[in-house]
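Below is one structure, written out as structure tokens; comments come after it.
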Amino acid sequence: MPHAAPTLPDDRRARVIDIARTAKVSTATVDRVLNRRPGVRDATVQRVLKAAAELDYLPGNDLYAALAPPPLQLVFLLPAGTNRFIRMLGDMVGYSQEHFAPFNVRCRTEYIESFDPKALADALLRHGRRCDGIAAMALEHPAVREAVGALAARGVPVITLISDLADSKRAAYIGLDNRAAGRTAAYLIGRFIGPRAAKVALIAGSLSYSAHQEREAGFLHLIDEMFARLQVVGLREGQDDAQKNYRQTRALLDQHPELAGIYNIGGASDGVARALKEAGREHQVVFVGHGLTPDTRALLIDGSMDAVITQSPQVTLMNCVRIFANLRDGRETLAGVESTRSQVIFRENLP
């Protein structure tokens with residue numbers, strides 16, 4: 001016969017010992033369940049909560065909260081520095097919690113030293129011990145690949161965003177088709193310059209990012225394919241740092257006074273623009289970069305930048321959260337995930 005919950009006097013509220021007696025467990029087990037501490041089997045948790053409901057120990061809302069699984073603890077691991085798009089993405093994690101609420105997740109941003117694969121690998125393993133999933137901008141390096149594989153083996157999924165990690169155990173990649181982005185930049189610069197012979201240059205954050213390698217490859221391929229009269233005079237790395245990009249641009253202008261175009265593959269475009277303005281070349285050199293932020297918006301408006309290739313940071317974050325929720329709930333990894341679309345922004349179509 002089914003077990004009937006004991007009847008309590010009207011003037012006495014149920015106690016932990018009453019729940020323990022009804023559920024046939026210890027009071028210590030009841031305490032762990034009601035305070036949502038680990039170490040209790042799911043079937044036992046359900047039995048304790050059922051007993052608590054029968055004895056009116058928990059109001060309806062509290063019972064619902066107790067029955068709900070704990071939120072996924074997610075970490076967005078991003079490089080520190082002056083890349084304003086990355087900083088904007090990290091800040092958005094903090095103030096978008098209400099948008100993540102339907103997915104029952106808690107997100108936070110952690111910043112690590114940029115362009116340091118050991119620091120990234122160490123951070124992945126360290127945070128992976130205390131969270132349920134990590135989204136990270138990956139660096140191409142065996143140590144990073146090994147860390148991602150170790151986390152996958154422990155059931156902690158890693159999503160790569162903006163820059164992918166080849167031949168790895170990452171759960172998914174969220175970001176642009178970076179080869180297509182490089183081709184787009186080459187097409188824009190080639191069409192802006194026109195049919196004349198000219199020199200163009202590239203500045204990357206770091207070729208340790210596969211995204212930057214792929215953008216360079218796409219750029220060079222389209223220049224060879226469509227704009228044979230343009231000469232690419234080499235690639236410099238500015239590590240997404242405004243001051244370093246400034247110095248690299250000054251050096252390019254000194255070495256190639258007739259320079260006609262610059263493609264900034266990474267961030268910190270304000271450093272490039274400052275060098276162009278100081279040289280009085282801001283309306284003569286075609287300048288294309290990445291990431292619509294307050295600073296690149298201002299550069300488009302004043303004409304020192306001609307076009308920005310960008311993606312939606314909001315969509316990027318929501319896609320990451322959806323993927324983690326899909327993995328938790330046993331759905332297809334990319335169910336409900338929007339494809340990452342690139343946008344080309346000019347001064348005249350600023351959103």
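The values are calculated or read from the model by the stated rules, or taken from the named source; none is laboratory data. Keep in mind that what you see is a predicted model, and the values were worked out from it rather than measured. As a convention, Cβ positions derive from the backbone with ideal geometry for all residues, glycine included, and neighbour counts pool all protein chains shown. Note: accessible area is taken over every heavy atom of the protein model, side chains too, but ligands, DNA and RNA are not part of it. Shrake-Rupley method; radii C 1.70, N 1.55, O 1.52, S 1.80 Å.
Taking the listed residues 275, 298, the one that is part of a helix (DSSP H, G or I) and over 23 Å from residue 184 (Cα atoms) is 275, with no other qualifying.
Answer yes if at least one residue in the range 239-248 is among the small types (Gly, Ala, Ser) and surrounded by 17 or more Cβ atoms within 10 Å (Cβ to Cβ), and no otherwise. Can you show your working first?
Residues of the range 239-248 that are among the small types (Gly, Ala, Ser), as a first pass: 242.
After this cut, where a residue has to be surrounded by 17 or more Cβ atoms within 10 Å (Cβ to Cβ) as well, the list is 242.
Yes, the range 239-248 contains a residue that is among the small types (Gly, Ala, Ser) and surrounded by 17 or more Cβ atoms within 10 Å (Cβ to Cβ).
Might you check whether a residue that is crowded, with 20+ Cβ neighbours inside 10 Å and over 29 Å from residue 72 (Cβ atoms) occurs anywhere in the range 173-182? Among the residues of the range 173-182, at least one is crowded, with 20+ Cβ neighbours inside 10 Å and over 29 Å from residue 72 (Cβ atoms), which makes the answer yes. Restricted to the range 208-231, and to residues there that are more than 16 Å from residue 184 (Cβ to Cβ) and of a type outside the set (S, T, N, Q), the residue that is least open to solvent (accessible area, probe 1.4 Å) is 209. If you check 330, 336 for being small (Gly, Ala, Ser), on the phi > 0 side of the Ramachandran plot and touching a Lys or Arg at 6+ places or on another chain (Cβ under 9 Å), only one passes: 336.
Being among the small types (Gly, Ala, Ser), open to solvent by less than 10 Å² (accessible area, probe 1.4 Å), over 30 Å from residue 102 (Cβ atoms) and modelled with pLDDT of 95 or more is the requirement here; does residue 289 meet it? Write out each step before concluding.
On the way: among the small types (Gly, Ala, Ser): yes; open to solvent by less than 10 Å² (accessible area, probe 1.4 Å): yes; over 30 Å from residue 102 (Cβ atoms): yes; modelled with pLDDT of 95 or more: yes.
Yes, satisfied.
Among the residues of the range 90-126, those identified as hydrophobic (A, V, I, L, M, F, W, C) and within 18 Å of residue 239 (Cα to Cα) are 112, 115, 119, 120. Of all residues in the range 214-226, those that are over 16 Å from residue 166 (Cβ atoms) and of a type in the set (Val, Ile, Thr) have Cβ atoms under 7 Å from Cβ atoms of residues that are open to solvent by less than 90 Å² (accessible area, probe 1.4 Å) and assigned to a helix (DSSP H, G or I), 6 or more apart or on another chain, in 223/186; 223/190. Filtered by the rule that a residue be open to solvent by less than 10 Å² (accessible area, probe 1.4 Å) and farther than 16 Å from residue 242 by Cα, the range 262-286 gives a lone residue, 285. Could you look through the range 296-337, keep only residues that are within 22 Å of residue 215 (Cα to Cα) and charged (D, E, K, R), and pick out the one that is least open to solvent (accessible area, probe 1.4 Å)? So the residue we want is 306. The strands (runs of 3 or more DSSP E) found entirely in the range 72-147 that carry 1 or more residues being in contact (Cβ under 8 Å) with a residue 60 or more places away in the chain and open to solvent by 10 Å² or more (accessible area, probe 1.4 Å) are 72-79, 105-112.
Per-residue answers, yes or no, for (1) touching an Asp or Glu at 6+ places or on another chain (Cβ under 7 Å); (2) at pLDDT below 85:
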| residue | (1), (2) |
| --- | --- |
| 10 | no, yes |
| 16 | yes, no |
| 27 | no, no |
| 52 | no, yes |
| 57 | no, yes |
| 62 | no, yes |
| 82 | yes, yes |
| 85 | no, no |
| 89 | no, no |
